[in-house]
Amino acid sequence: MSAIVLEQADRLFHEHVTPAVQADADRSVWPTDLWRAVEEAGLTLALVPEHAGGFGLPPDDALRVIRRSAWAAAPIPLAETMVAAGLWSLTGGDVPEGSLTLGPVNQADAITAERRAGGWRLDGRVRRIPWGSAAGNVLLHAVSTDGEPLVALVPSDTLDWASRRNLADEPRDRLSLSGLDVRWDAVHPAPAACRDGFLPLGALIRSQQMVGALERALDHALLHAGERRQFGRSLSKFQAVQHMLAEAAGHFAAATAAADLAAAEWSAAGGLEAGAEAVAELAFPIAVAKARTGEAAGIVAAIVHQVHGAMGFTQEHPLHYSTRRLWSWRDEFGGESHWQAEIGRLVCSRGGAALWERLAT
Amino acid sequence: MSAIVLEQADRLFHEHVTPAVQADADRSVWPTDLWRAVEEAGLTLALVPEHAGGFGLPPDDALRVIRRSAWAAAPIPLAETMVAAGLWSLTGGDVPEGSLTLGPVNQADAITAERRAGGWRLDGRVRRIPWGSAAGNVLLHAVSTDGEPLVALVPSDTLDWASRRNLADEPRDRLSLSGLDVRWDAVHPAPAACRDGFLPLGALIRSQQMVGALERALDHALLHAGERRQFGRSLSKFQAVQHMLAEAAGHFAAATAAADLAAAEWSAAGGLEAGAEAVAELAFPIAVAKARTGEAAGIVAAIVHQVHGAMGFTQEHPLHYSTRRLWSWRDEFGGESHWQAEIGRLVCSRGGAALWERLAT
Amino acid sequence: MQGFRFNPTALPPEAEAARTRVRRFLAGELEAGTYAPHRSSWTTFDAGFSRRAGAAGLIGMTLPTRYGGQEQSDLARFVVTAELLAAGAPCFAHWVADRQSAPQILRHGSERARREILPPIARGECFFGIGMSEPDAGSDLAAVRTRAVRTDGGWLVTGSKIWTSNAHRVHYLIALVRTGDAGENRHGGLTQVIVDLSKPGVTVRPILNMAGHHEFNEVFFSDYLVPDDMVLGAEGQGWEIVTSELAFERSGPDRFLSDYPLLVELIDRVGPTPDARQAVEIGRLIAHLAPLMRMSRSVAGLLHQGQSPEVEAALVKDVGTAFEREVPEVARRLVPVEAEMDSGDDDAADRFADALAHTVLDAPAYTLRGGTREVMRGVIARGLGLR
Amino acid sequence: MQGFRFNPTALPPEAEAARTRVRRFLAGELEAGTYAPHRSSWTTFDAGFSRRAGAAGLIGMTLPTRYGGQEQSDLARFVVTAELLAAGAPCFAHWVADRQSAPQILRHGSERARREILPPIARGECFFGIGMSEPDAGSDLAAVRTRAVRTDGGWLVTGSKIWTSNAHRVHYLIALVRTGDAGENRHGGLTQVIVDLSKPGVTVRPILNMAGHHEFNEVFFSDYLVPDDMVLGAEGQGWEIVTSELAFERSGPDRFLSDYPLLVELIDRVGPTPDARQAVEIGRLIAHLAPLMRMSRSVAGLLHQGQSPEVEAALVKDVGTAFEREVPEVARRLVPVEAEMDSGDDDAADRFADALAHTVLDAPAYTLRGGTREVMRGVIARGLGLR
């Protein structure tokens, strides 16, 4: 089944992620047809179990769809919607139509929830929520005054947004909550997967997306090197170009292996349904995946631009749809340094002898 | 005059630093003839003023001689002797015949001096004194019990040594002082140039030496690339080899500029005779020189070995006399990280706006 | 090894006087708020700024006084350039004219070209672009196909140039065109000409860059008439002129200070007590930058002596642009701020994020513009005797 | 892009059983103090260790039982190899025989060769070297000139091989020799033969390495007789055999775990509360190492399926050796200890300094041995369709 879903997704992206759609998205035009097609194919509900009315894909298959959407540079919050829908459904909530997103997305921001008659009052300031006001509903992570982690699903048009964009011109809006009242049934206890916030899940999806974007960036570069001639030869015949691209391929292969590792362990642990203990164990592979894909992103983006020369800088050439995403995504939900430090602290705290067991099996 | 001295030094090293001398030095055989020639040429007294019976070279010329000796991979403590002789003479001491060295060489080690009838009693444990027991006398930096920085010149055969070597098989001996009594006239107040120890002066001479060794390593690689054939062509015709060596040349050029910068400022400040304020100002260029040459050392050594292939690993090929020194010297008197951190702390403490003044002039 | 010529170069007093002058000028601009250093660099085009810089005597300084210059040394110009870069000043309008067009016209131009063009360049009122690359000749200049055909009193040019920065807003280009056959060594038959963009026969098509900005252009020539006195040097001498003067283009501090303002923002953002990693990584950057300053200044000294240090210039560009490329990477590793386009806010965190965003998108160009890294390494390898 | 074949590969139960076995063996060795992990690696030669490893069933595991093996999968072997490397075990005596000679003899050897040689290999009593490089043929195997001439019942070999690790202390070499003309594609006329170093006609000259140790040799053949049943594969098939089996040599964990013991010492030296820089840099190394383990295991899975993943193996080697090269550089940056030869002391600081010294001198070989970095990148580029 996995192969069929992937093929269908590829076809869908091929048809709907046109140059016009991509150029429009850079100017904040929502890709209505693309989104409708994605919803109709059921992809947004990939991580919602069938018994809850979803598609119920195996978690690693869902991540593969995310990679393909990133390969296509589809300008939509598909990954965010999948995860938010899956989490909300896991809490017993009904998943609404339309696109979803989630926040806060970094450790510095936090939302507090105070119990009120008939519901909760939310306070906080959150930067860089992916797609923000462009998404239909936002899954917010909040902590109650007595320390309980919660999630709340709130229609984004009821919220106070300031518009921001990342380097790929994807919306990354700022949200100001000052005493927002939400009904009791819009707030549920946070599942184990996001008890401490969305950073690990966000890192997981961005690492998968980066693998897709890395592959596309390399595709562009290989094509260009084969077609473009300089000094009477095709670029691909220069040893310097060959070795540059071989090095990029190495980073791509390693990044893919790192992302595969996280996907496999996440899937084996039950995906979004992983329990608290499994979630703690997943910190390591997810940190490895985000750190390694993020490092590859910077190196590969530099190499593919070097190969493309001036042409790669133009809006006309599609390369930038992949590279601007790589430059953005590597920083989102914790950059390499953040996750490297997590790994380093974990490993050092356990001592040298304990490391091998984690690597070997 | 500088050109004549350098030419004479080059001739001397060419004559006396033979393959046999180098191979013997690796087995701890002292190069008697080489050392005698260096002393007879007056090079050991380069930094002792003429009025004190020395050679009185301009400080930057003396550093140039040190570079040439390192180019030749001369297995002698010429740089250490020059500096120790200059410092001792500056305190009014008589410089003895034979080779000299100095210590401690890192911040973790220290010697204390307690005043006794007729002299001082020294205590401490010092690691990795260059040439150690192989040198005739050791200039020791000590701090008196009332906090006064001192230097003491002590014959090394009166000391308790444990033999150690660096990666280049140069002696780096450990010294244990437990209550060593020295006469009052063997101890003088430390000049400004080494009030806080020998780290900056050591870093200065090692950065100059690394420039010499870098140049020699590149010489070897260029020769090899021109002579060695692979796949029917000389190595030098492969674009990958050309670009590797071009990159190495860039690091060499930058390292040389950094070492030049330190040499020029040190010389302008009066060399060993620099006053306290000038010594404080010299911290920046010396840190830059050691950090930049040390970084270049690792990169260039890796590249020249890659170019040489297996041949570069053999004892027969002279490359290792340069590369093993580079690997050793980059760590001595503070590695790159040490000096980079010094620079970083200095710059951050002064703020972004203040940086330009230091770079511009 | 045959050493490189990076000799120590002391600054003459006039250079220090020029420093005082440019600093006074920049202080005035900053006070007046004419530009935002964290969102600007030498590739920011601001004609007004350039006019004021010209009025302050900061452009065309090395030109003879009879052409509006001040007959100052290349070292004084080096100082002024470096100060403008360090301040993140928006210099792109006059940059090419000051850096390479004016020196080329002075050396190889007709008297008419000198008299007509050099004084307005020095006043900061006349701007230039470079017409080298063509759709099928990027790094490979010998592949130039834009053709100039002899006509009465001049040449008729037909063809196109690409990646011409600012062609839509400068007054002239210096274009490399084919006036004859390439010959055995592939380098013959090329000639440099001055193109007046206000004249008929030339059209400009914008090429937006990936940030959506308009800097590049494609320029089309259709029987564009170049009068004889707008030819630089002799017919067929184009290759020699271009290559002999590359050192001007490649060795300047614009090859390692493009993102200096980000480095300043980084230091301020980290604050006076860096952690272990911040201290080491910032210190490393500065240990790279300080020798680059010295290398670049040395080349300015050689240029001043009339030498043509092509290999040393390539080394400055290769080492320098490698450094420039690293600055945003180090910055983002040391401070966990995500780059954000035009936040419009103005606290320190946002200034840093803004500077970072612009630099991340610009940085890939550093190792391409003005000769790719691969071309530089080829030049250096030739200097090492490898090719 | 045509993807690479790094598919997930689950370990079969026998592999986990093998892990238990090798760990038990290693615990015994460490307890007996037979080697010092911080001064040892897979390129440390210790015939006694190899004999004991053979007795413990850790060598030639994939060989059929009739040849002394255990018919285990390549994945079980992968596990054992990785465990030995992680423990810094001194494996060099049996390494080549286990990694590549035994598989080659099994596939291409005569029945006599299999029966005579494979069982002692599996017992850890028979060791091999590689006779590929020649003084004028380093990376370029097609330039091999050592000649084998037909004689009664075999071949007479004359010529020399260089960089032959351990030729002075192993029993056999597999040598690539010229038995005919190279032909159009330069790859013809080569044949692989087994050389018994105890037989007449072969002499070994030591080549000391820069640390003064004897590992390399030059091996001279003078009418050395190779009986027909010591030829591998058919005459003239040498190139195909060598290249088709490079994946065995290049994809193993010995391409990224050579200095794993130093990484362990580093973590312990830094201690449980790393500073900001130590945490980030150690974390980065581990983020490189974890996917390498997965990649290498995937290739073991492909080999087990009988595939010949040449490009994937080159990727493991290129990425893996780049990682290995970084470990000592990171270590020395994070801990200000100067590498010191054979300090002989045994506190933690000295152990670290000792491990660092050995690794700094070994590391340049990582990107040369078993195919240089440049050769690997050429293979990868070909896999990408660039050549």
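For the stretch C:304-345, name all the residues that are aliphatic (A, V, I, L, M) and at pLDDT 90 or above. Spell out how you get there, then give the answer.
The initial filter retains those residues of the stretch C:304-345 that are aliphatic (A, V, I, L, M), namely C:311, C:313-316, C:319, C:322, C:327, C:330-331, C:334-335, C:337, C:339, C:341.
Passing the criteria: C:311, C:313, C:314, C:315, C:316, C:319, C:322, C:327, C:330, C:331, C:334, C:335.
Just one of the numbered conditions (1) more than 30 Å from residue C:234 (Cα to Cα); (2) surrounded by 23 or more Cβ atoms within 10 Å (Cβ to Cβ); (3) of a type in the set (A, V, I, L, M) is not true of residue C:63: (1). Inside the stretch D:72-94, residues that are modelled with pLDDT of 95 or more and of a type in the set (Asp, Glu) make up a count of 1.
Candidates D:291, D:336: the one that is facing chain A (nearest Cβ under 9 Å), in contact with a Ser or Thr (Cβ under 9 Å, 6 or more places away or on another chain) and free of Cβ contacts under 8 Å to residues at least 40 places away in the same chain is D:291. Considering C:188, C:201, the condition of being surrounded by fewer than 20 Cβ atoms within 10 Å (Cβ to Cβ) and on the phi > 0 side of the Ramachandran plot is satisfied by C:201 alone. Scanning the stretch B:134-148 turns up no residue that is more than 30 Å from residue B:321 (Cα to Cα), among the charged types (D, E, K, R) and touching a Lys or Arg at 6+ places or on another chain (Cβ under 7 Å).
Limited to the stretch C:151-167, what total is found for residues that are touching a residue at least 12 places away in the same chain (Cβ under 8 Å) and over 16 Å from the mean Cα position of the chain (by Cα)? Spell out the reasoning first.
Pass one, the stretch C:151-167, residues touching a residue at least 12 places away in the same chain (Cβ under 8 Å): C:151, C:153-167.
Then keep just the ones that are over 16 Å from the mean Cα position of the chain (by Cα); that gives C:151, C:153-162.
Result for the stretch C:151-167: 11.
The selection criterion, being in contact with a Cys (Cβ under 7 Å, 6 or more places away or on another chain) and either in a helix (DSSP H, G or I) or surrounded by fewer than 19 Cβ atoms within 10 Å (Cβ to Cβ) (or both), does not hold for residue D:27. Residue B:284 meets each of the listed conditions (1) buried (at least 19 other Cβ atoms within 10 Å of the Cβ); (2) at the interface with chain C (Cβ under 9 Å from one of its Cβ atoms); (3) free of Cβ contacts under 8 Å to residues at least 60 places away in the same chain apart from (3).
Picking from A:114, A:80, A:97, which residue would you name as being among the charged types (D, E, K, R) and within 15 Å of the chain's Cα centre (by Cα)?
On the way: A:114 fails: within 15 Å of the chain's Cα centre (by Cα); A:97 fails: within 15 Å of the chain's Cα centre (by Cα).
Answer to the check: A:80.
Would it be correct to say that residue D:97 is buried (at least 20 other Cβ atoms within 10 Å of the Cβ), assigned to a helix (DSSP H, G or I) and at pLDDT 95 or above? Yes.
Scanning the stretch D:234-261 for residues that are of a type in the set (D, E, K, R) and closer than 18 Å to residue D:365 by Cβ yields D:249, D:250, D:254, D:255, D:259. Filter the stretch B:189-212 for residues that are within 14 Å of chain D (Cβ to nearest Cβ) and surrounded by 24 or more Cβ atoms within 10 Å (Cβ to Cβ); which is farthest from residue D:139 (Cα to Cα)? My answer is B:202. Of the residues contained in the stretch A:190-201, none is found to be modelled with pLDDT of 95 or more, under 30 Å from residue A:309 (Cα atoms) and not in a strand (DSSP E or B).
Search the stretch D:268-280 for residues being touching a residue at least 12 places away in the same chain (Cβ under 8 Å) and at the interface with chain A (Cβ under 7 Å from one of its Cβ atoms), and hand back the single one that is nearest to the chain's Cα centre (by Cα). Checking each candidate, the answer is D:268.
Being without any contact (Cβ under 8 Å) to a residue 40 or more places away in the chain and either in a helix (DSSP H, G or I) or under 15 Å from the mean Cα position of the chain (by Cα) (or both) narrows it down to one residue among A:236, A:207; which is it? Talk me through it step by step, then tell me what you get.
On the way: A:207 fails: without any contact (Cβ under 8 Å) to a residue 40 or more places away in the chain.
Answer to the check: A:236.
Looking across the stretch C:288-340, the residues that are farther than 23 Å from residue C:63 by Cβ and among the basic types (Lys, Arg) come down to C:294, C:317, C:325, C:332, C:333. So is residue B:151 within 25 Å of residue B:30 (Cα to Cα), at pLDDT 95 or above, within 21 Å of the chain's Cα centre (by Cα) and part of a strand (DSSP E or B) or not? Here the answer is no, as residue B:151 does not meet what is asked.
Yes/no per residue for (1) within 16 Å of the chain's Cα centre (by Cα); (2) crowded, with 22+ Cβ neighbours inside 10 Å; (3) small (Gly, Ala, Ser):
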residue: C:6; (1), (2), (3): no, yes, no
residue: C:9; (1), (2), (3): no, no, no
residue: C:16; (1), (2), (3): no, no, no
residue: C:20; (1), (2), (3): no, no, no
residue: C:33; (1), (2), (3): no, no, yes
residue: C:44; (1), (2), (3): yes, no, no
residue: C:51; (1), (2), (3): no, no, no
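For the stretch C:293-323, the set of residues classified as among the small types (Gly, Ala, Ser) and not in a loop (DSSP other than H, G, I, E, B) consists of C:296, C:298, C:300, C:301, C:313, C:314, C:320, C:322, listed by residue number. Evaluation of residue C:38 against the conditions (1) within 14 Å of chain B (Cβ to nearest Cβ); (2) closer than 17 Å to residue C:87 by Cβ; (3) over 21 Å from the mean Cα position of the chain (by Cα); (4) touching a residue at least 60 places away in the same chain (Cβ under 8 Å) shows that the sole unmet condition is (3).
Residues checked against (1) at positive phi; (2) modelled with pLDDT under 95; (3) within 14 Å of chain D (Cβ to nearest Cβ):
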residue	(1), (2), (3)
A:161	no, no, no
A:187	no, no, no
A:231	yes, yes, no
A:243	no, no, yes
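Taking the numbered list (1) within 19 Å of residue B:259 (Cβ to Cβ); (2) in contact with a Leu (Cβ under 7 Å, 6 or more places away or on another chain) in turn, residue C:304 passes all entries but (1). Within the stretch C:143-171, the set of residues being over 29 Å from residue C:45 (Cβ atoms), outside any loop (DSSP other than H, G, I, E, B) and not hydrophobic (A, V, I, L, M, F, W, C) comprises C:147, C:150, C:151, C:154.
Only one of the listed residues (D:269, D:294) is under 14 Å from residue A:359 (Cα atoms) and surrounded by fewer than 24 Cβ atoms within 10 Å (Cβ to Cβ). That residue is D:294. Checking residue B:275 against (1) over 19 Å from the mean Cα position of the chain (by Cα); (2) facing another protein chain (nearest Cβ under 9 Å); (3) modelled with pLDDT of 95 or more, which single condition isn't satisfied? Checking residue B:275 against (1) over 19 Å from the mean Cα position of the chain (by Cα); (2) facing another protein chain (nearest Cβ under 9 Å); (3) modelled with pLDDT of 95 or more, the one that fails is (2).
The values are calculated or read from the model by the stated rules, or taken from the named source; none is laboratory data. A quick note: this is a predicted structure, and the numbers were derived from the prediction, not measured. Note that we place each Cβ from the backbone using ideal geometry, even for glycine, and neighbour counts take in every protein chain shown.
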